[in-house]
């Protein structure tokens, strides 16, 4: 019940959201990964708070995005529809992390051989934490604080193997 109430409050706050200048920031070309399949579960965790994206491609070519965020005081869930093209996921409405960052756009990026989703509101911070060529992190907190990592499904084993 508290989660549902908090979700409504966050949605009401987002009704008045205006994109900040950083919403138009774009990641460096060397890390963009437009071929990435974004379907699946993605998590961003900073220790005391988290945000999760569950992304599913629909039959009509759009993406259903279930967003959850929370921390030690409250949790909430938001539902969005997204369009994905050229490595850019554009949501029909903004989302707000508990952290708080608010954005409507996420970028598919690859850094050090790892796939990530990068919120537009965090592009400048991520750029500061990368080597000039974008191939690796020079600040170990950059990836942890600003990038969604794909969740890997746990391996299952058959009884008797």
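Among the residues of the stretch 96-124, those identified as farther than 22 Å from residue 63 by Cβ, surrounded by fewer than 20 Cβ atoms within 10 Å (Cβ to Cβ) and in contact (Cβ under 8 Å) with a residue 12 or more places away in the chain are 99, 112, 124.
Residues in the stretch 106-154 that are closer than 21 Å to residue 39 by Cα, modelled with pLDDT of 90 or more, out of contact with any helix residue (DSSP H, G or I) (no Cβ under 7 Å at 6 or more places or on another chain) and part of a loop (DSSP other than H, G, I, E, B): 112, 113, 151. Check whether at least one residue in the stretch 50-61 is touching a helix residue (DSSP H, G or I) at 6+ places or on another chain (Cβ under 8 Å) and modelled with pLDDT of 95 or more, and report yes or no. No, the conditions are met nowhere in the stretch 50-61.
Of all positions in the stretch 75-98, none carries a residue that is modelled with pLDDT under 95 and within 25 Å of residue 12 (Cα to Cα).
Scanning the stretch 71-92 for residues that are in contact (Cβ under 8 Å) with a residue 60 or more places away in the chain and within 14 Å of the chain's Cα centre (by Cα) yields 77, 78. The set of residues from the stretch 28-38 being surrounded by 14 or more Cβ atoms within 10 Å (Cβ to Cβ) and closer than 24 Å to residue 61 by Cβ comprises 32, 33, 36, 38. Checked across the stretch 13-23, the condition of being out of contact with any strand residue (DSSP E or B) (no Cβ under 8 Å at 6 or more places or on another chain) and closer than 17 Å to residue 82 by Cβ holds for no residue. Looking across the stretch 42-65, the residues that are farther than 16 Å from residue 144 by Cα and either under 11 Å from the mean Cα position of the chain (by Cα) or in contact (Cβ under 8 Å) with a residue 60 or more places away in the chain (or both) come down to 54, 55, 65.
The values are calculated or read from the model by the stated rules, or taken from the named source; none is laboratory data. Note that the structure is a prediction, hence the values are computed from the model and not measured. A quick note on method: Cβ atoms are made from the backbone with ideal geometry, for glycine too, and the neighbour counts reach across all protein chains shown.
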